[in-house]
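Peer 1: Below is a structure I'd like to ask you about.
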Amino acid sequence: MIDALKDWLYLVIITKKLNSFLGILIIIFLSVLIGGFVAVLELLGVVFAIAVVFSITAVLFALFNQYTCLYIVLTLGCLVPWLSKIRDLPYGISLDALLMIMSLGILMKQSYKRDLSFLQSPITIPIVLWILYNLIQFFNPSAVSQLAWMYTVRSVAILHLLYFIACYALNSYRRIVSVFKFMILMATFAALYGLNQEYIGFSRYEMIWLHSDMERFQLIFQWGRLRIFSFFGDPTNFGMYLSYYAIISCILLTGPFKTWQKVVLGIAAASMFLAMGLAGSRTPFVLVPFGLIMFTFLTLNKKVILTIVFTFMLGSVFIFKSTNNAIIFRIQSAFSSTSSDTMDVRLNNQKMIQPFIRAHPFGAGLGSAGQWGARFAPNSILAKFPPDSGFVRIAVELGWLGLILYLYLLFKVVNFSIHCYLRVRHPKVKIIYLCLTVMIFMLFLASYPQEAIIQLPTSLCFYVTLAIIARLKDFEHEAYLEDEAAELLSARN
């Protein structure tokens with residue numbers, strides 16, 4: 001029944017492209033329906049019509065073309081925080097629904113084409129264990145609220161589906177490279193939009209959103225200026241997101257690419273670093289030198305070592321030079337030997353919660369700390385506890401056993417990525433593995449001072465990155481074939 005329905009839909013919609021009697025009826029029905037909404041609801045009807053068309057298209061791609069839908073998901077990941085500023089709607093649910101439909105489409109295909117070879121990777125088992133551990137937290141006897149678990153688990157279990165979806169969809173070298181380029185492109189657009197906020201100004205919707213919450217405004221308006229945040233919900237998340245891709249762009253500059261490509265990468269990296277500075281967050285600039293150190297350690301190239309040493313020397317002069325510029329001073333404060341008030345507060349909070357963590361090996365349950373804890377268990381000890389760290393949140397909510405399992409997952413990913421980087425021989429495949437290894441390492445470090453990985457769109461990029469790490473090695477031969485094809489084409493011309 002399912003196979004017949006799928007084949008019929010594929011024939012009518014994909015093969016014939018609605019060029020049939022039934023297809024014409026579907027188009028007429030949708031046209032009348034959308035026209036009626038536009039006529040009755042005016043502007044709201046236009047918005048609704050666009051949303052309906054986009055939703056139908058997205059659902060069809062999610063069912064039958066998971067690869068194309070990956071681009072939609074990654075784009076939505078960047079735009080959801082921005083759309084929330086215009087109209088506060090549950091956009092995240094639409095993202096979850098897309099992931100569920102994509103998974104359903106894969107299951108439909110697996111019903112007649114049983115092939116799970118795309119999941120044969122050493123990092124798949126730790127991911128499955130992590131998902132199962134989060135699911136069984138529903139039965140945690142120490143959980144402060146099962147309702148909080150229900151609200152929180154979707155961000156764990158459902159988002160992790162993206163790893164399996166991406167492993168299935170990225171079934172060729174060309175697809176992997178295209179998605180990798182797209183993620184860098186999205187980071188570049190985010191940086192450029194942030195620069196637009198700085199030099200042209202914030203939109204009316206963004207200013208309304210800023211002034212609607214005094215605490216939010218005070219966080220973003222500092223040193224007499226508004227910190228830019230681009231499509232994101234806050235400058236810190238924006239700055240950390242850019243730091244990963246700025247380093248990736250710098251690493252790619254050392255790769256076997258054409259001159260014009262390196263020029264584009266250089267402009268992208270410069271835009272990201274400038275936007276990071278204007279965002280005014282300290283954490284991203286602390287991550288940058290660690291990313292460069294990891295890059296140097298993995299390559300052990302004399303030119304790279306000399307370049308990084310020279311860069312660090314210039315950076316040291318920049319850090320210790322006195323300035324009256326608020327942006328530069330905030331960057332310098334990230335490397336100051338004296339702790340900031342913010343870091344002191346975080347360290348004191350962590351010291352205070354340590355006895356609780358030791359006494360609860362399985363934690364207090366998902367959603368027990370922060371926003372959901374205050375909503376569903378306002379009288380618990382964690383209701384007013386701000387984790388301010390991905391690792392601390394896991395230790396509090398899932399216990400020190402959960403933290404060990406999560407650290408094992410991250411370690412396994414970094415270990416496997418390094419293994420693949422050392423094993424592959426094609427220069428472009430090798431440098432992609434180098435970029436992704438450094439990125440995961442930076443995310444690993446960022447999870448201590450911030451809740452880095454769970455934030456949109458970083459969370460989506462993280463799971464797609466894991467899939468690329470798992471799959472890229474399988475298509476190294478295709479990279480060689482592309483090189484041979486390019487050489488033959490060049491010889492003919």
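Peer 1: Does Leu159 meet the test of being assigned to a helix (DSSP H, G or I) and surrounded by fewer than 16 Cβ atoms within 10 Å (Cβ to Cβ)?
Peer 2: Judged against the criteria, Leu159 is not a match.
Peer 1: Just to confirm my filter: which helices (runs of 4 or more DSSP H) fall fully inside segment 163-224 and include at least 2 residues that are among the hydroxyl-bearing types (Ser, Thr, Tyr) and farther than 23 Å from Ser121 by Cβ?
Peer 2: Because the criterion is at least 2 residues that are among the hydroxyl-bearing types (Ser, Thr, Tyr) and farther than 23 Å from Ser121 by Cβ, the helices (runs of 4 or more DSSP H) in segment 163-224 that meet it are 173-199.
Peer 1: Additional query: Among all residue pairs at least 6 apart or on different chains, which show Cβ distances below 6 Å where the first residue, located in segment 234-246, is part of a helix (DSSP H, G or I) and the second is charged (D, E, K, R) and at pLDDT below 90?
Peer 2: Sorted first by the residue in segment 234-246, then by its partner, the pairs are Pro235/Arg227.
Peer 1: Can we say Ala486 is hydrophobic (A, V, I, L, M, F, W, C) and in a helix (DSSP H, G or I)? Can you show your working first?
Peer 2: Numbers: hydrophobic (A, V, I, L, M, F, W, C): yes; in a helix (DSSP H, G or I): yes.
So Ala486 passes the test.
Peer 1: Against the definition (assigned to a loop (DSSP other than H, G, I, E, B) and under 21 Å from the mean Cα position of the chain (by Cα)), how does Tyr448 come out, yes or no?
Peer 2: Judged against the criteria, Tyr448 is a match.
Peer 1: For segment 117-138, give me each residue that is touching a His at 6+ places or on another chain (Cβ under 7 Å) and without any contact (Cβ under 8 Å) to a residue 40 or more places away in the chain.
Peer 2: Selection gives Ile131 alone.
Peer 1: Right, Phe257: farther than 24 Å from Leu83 by Cα, aromatic (Phe, Trp, Tyr) and modelled with pLDDT under 85 or not?
Peer 2: Numbers: farther than 24 Å from Leu83 by Cα: yes; aromatic (Phe, Trp, Tyr): yes; modelled with pLDDT under 85: no.
Spelling it out, it is not the case that Phe257 is farther than 24 Å from Leu83 by Cα, aromatic (Phe, Trp, Tyr) and modelled with pLDDT under 85.
Peer 1: Looking only at residues in segment 92-145 that are out of contact with any Gly (no Cβ under 9 Å at 6 or more places or on another chain), closer than 27 Å to Tyr408 by Cβ and of a type in the set (S, T, N, Q), which one is modelled with the lowest pLDDT?
Peer 2: Checked segment 92-145; the qualifying residue modelled with the lowest pLDDT is Ser117.
Peer 1: Does Lys85 satisfy the criteria of being within 30 Å of Cys420 (Cα to Cα) and at pLDDT below 85?
Peer 2: Details: within 30 Å of Cys420 (Cα to Cα): no; at pLDDT below 85: yes.
Against the criterion (within 30 Å of Cys420 (Cα to Cα) and at pLDDT below 85), Lys85 does not qualify.
Peer 1: Continuing with the same structure: When you look at Leu132, is it surrounded by fewer than 13 Cβ atoms within 10 Å (Cβ to Cβ) and in a helix (DSSP H, G or I), yes or no?
Peer 2: Numbers: surrounded by fewer than 13 Cβ atoms within 10 Å (Cβ to Cβ): yes; in a helix (DSSP H, G or I): yes.
Answer is yes for this residue.
Peer 1: Tell me whether segment 445-456 contains one or more residues that are surrounded by fewer than 22 Cβ atoms within 10 Å (Cβ to Cβ) and among the hydroxyl-bearing types (Ser, Thr, Tyr).
Peer 2: yes
Peer 1: Being farther than 23 Å from Ala58 by Cα and of a type in the set (Gly, Ala, Ser) is the filter here; which residues of segment 99-122 pass it?
Peer 2: Residues satisfying the conditions are Ser117, Ser121.
Peer 1: Taking only segment 248-260 into account, find how many residues are out of contact with any Phe, Trp or Tyr (no Cβ under 7 Å at 6 or more places or on another chain), surrounded by 14 or more Cβ atoms within 10 Å (Cβ to Cβ) and part of a helix (DSSP H, G or I).
Peer 2: 4
Peer 1: Can I ask one more? For Ala383, work out the one condition from (1) part of a helix (DSSP H, G or I); (2) among the aliphatic types (A, V, I, L, M); (3) closer than 30 Å to Trp82 by Cα it doesn't fulfil.
Peer 2: Of the numbered conditions (1) part of a helix (DSSP H, G or I); (2) among the aliphatic types (A, V, I, L, M); (3) closer than 30 Å to Trp82 by Cα, the odd one out for Ala383 is (1).
Peer 1: With Val317, Val304, Val286 as the choices, which residue is in a helix (DSSP H, G or I), modelled with pLDDT of 70 or more and surrounded by fewer than 14 Cβ atoms within 10 Å (Cβ to Cβ)?
Peer 2: Just one listed residue meets the conditions, Val317.
Peer 1: If Phe217 meets every condition in (1) among the hydrophobic types (A, V, I, L, M, F, W, C); (2) surrounded by 18 or more Cβ atoms within 10 Å (Cβ to Cβ); (3) closer than 30 Å to Gly92 by Cα apart from one, which number is that one?
Peer 2: Every listed condition holds for Phe217 apart from (2).
Peer 1: Given the residues Ala486, Ala479, Ala467, which is the only one that is surrounded by fewer than 18 Cβ atoms within 10 Å (Cβ to Cβ) and out of contact with any Asp or Glu (no Cβ under 7 Å at 6 or more places or on another chain)?
Peer 2: So the residue among Ala486, Ala479, Ala467 that is surrounded by fewer than 18 Cβ atoms within 10 Å (Cβ to Cβ) and out of contact with any Asp or Glu (no Cβ under 7 Å at 6 or more places or on another chain) is Ala486.
The values are calculated or read from the model by the stated rules, or taken from the named source; none is laboratory data. Because the structure is predicted, anything quoted here is derived from the model rather than measured. Quick reminder, even Gly has a Cβ in these numbers, built from the backbone with ideal geometry, and neighbours come from all protein chains shown.
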